[in-house]
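Here the structure comes first, spelled out in structure tokens, and everything after it is commentary.
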């Protein structure tokens, strides 16, 4: 009886060793976004990067030890076209529990957009400065450069219309405000200025007269609407 109990004990112990002693943990590697190439190296950041595959990836503890002859420290590196590469340092791959690692890759376009946005804002402010010192043509060149790169941005077109208004070129001013209002119809001040310039055009006589220099000009209407009174003296409104 005792002998049979001892045999059963060792049988259970042996089965436990087979099923549990040989079990190994897994390493799950994800990236945001998925589909990135994932590399691993030993020796921190100085070792050779070996391609593990494309994320998401699952490897066992034994597979990593066999491939790198080590369970740590290890360096994980991920890269994907259109995104900045990233890496992380794993001190040890556990052999008794699973390890989940997620690497986040930053979109390279985010950094480019930020740089372009800052450049555009700088050019807009520079245009305003040029207008204040009377350098209207230089300001228009700056604004036209922005419009070439961002044709769906209303602010440069609105500012250009303001410059033409200062110069009393109401035809070009109206054309600029009409284009700007189509791009940004929710801007009530912009739409109001467009309507005011339309009234100006209607009140201007068809026959134009040349001044002493022979330059044809369009006369300014004698009456002012309430919309005009809301505009600043420089014709730029609130921007």
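Any residue that is out of contact with any strand residue (DSSP E or B) (no Cβ under 7 Å at 6 or more places or on another chain), surrounded by fewer than 18 Cβ atoms within 10 Å (Cβ to Cβ) and more than 30 Å from residue 55 (Cα to Cα) - is there at least one of those in segment 96-107? Checked segment 96-107: no residue is out of contact with any strand residue (DSSP E or B) (no Cβ under 7 Å at 6 or more places or on another chain), surrounded by fewer than 18 Cβ atoms within 10 Å (Cβ to Cβ) and more than 30 Å from residue 55 (Cα to Cα).
Which of the residues spanning segment 182-195 are over 16 Å from residue 143 (Cβ atoms) and within 27 Å of the chain's Cα centre (by Cα)? Within segment 182-195, 182, 185, 186, 187 meet the criteria.
Right, residue 186: modelled with pLDDT of 60 or more and part of a loop (DSSP other than H, G, I, E, B) or not? Taking the combined requirement at face value, the residue satisfies it. Screening 53, 43 for residues that are modelled with pLDDT under 80 and either surrounded by 12 or more Cβ atoms within 10 Å (Cβ to Cβ) or assigned by TED's automatic domain parsing to the domain that holds residue 100 (or both) leaves exactly one candidate, 43.
Filtering 96, 62, 107, 75 for residues that are modelled with pLDDT under 85 and over 30 Å from residue 151 (Cα atoms) leaves a single hit, 96. Determine whether segment 77-96 contains at least one residue that is farther than 30 Å from residue 172 by Cα, touching a helix residue (DSSP H, G or I) at 6+ places or on another chain (Cβ under 8 Å) and assigned to a strand (DSSP E or B). Within segment 77-96, one or more residues are farther than 30 Å from residue 172 by Cα, touching a helix residue (DSSP H, G or I) at 6+ places or on another chain (Cβ under 8 Å) and assigned to a strand (DSSP E or B).
Each residue in segment 143-181 was checked for being surrounded by 23 or more Cβ atoms within 10 Å (Cβ to Cβ) and farther than 18 Å from residue 192 by Cα, and 1 pass. Pairs meeting the criteria (first residue in segment 60-75 and at negative phi, second residue part of a helix (DSSP H, G or I), beta carbons under 6 Å, at least 6 apart or on different chains) are 71/65.
The values are calculated or read from the model by the stated rules, or taken from the named source; none is laboratory data. What you see is a predicted model, and the numbers here were worked out from it, not measured in a lab. Here the Cβ is made from the backbone with ideal geometry for all residues, glycine too, and neighbour counts use every protein chain on show.
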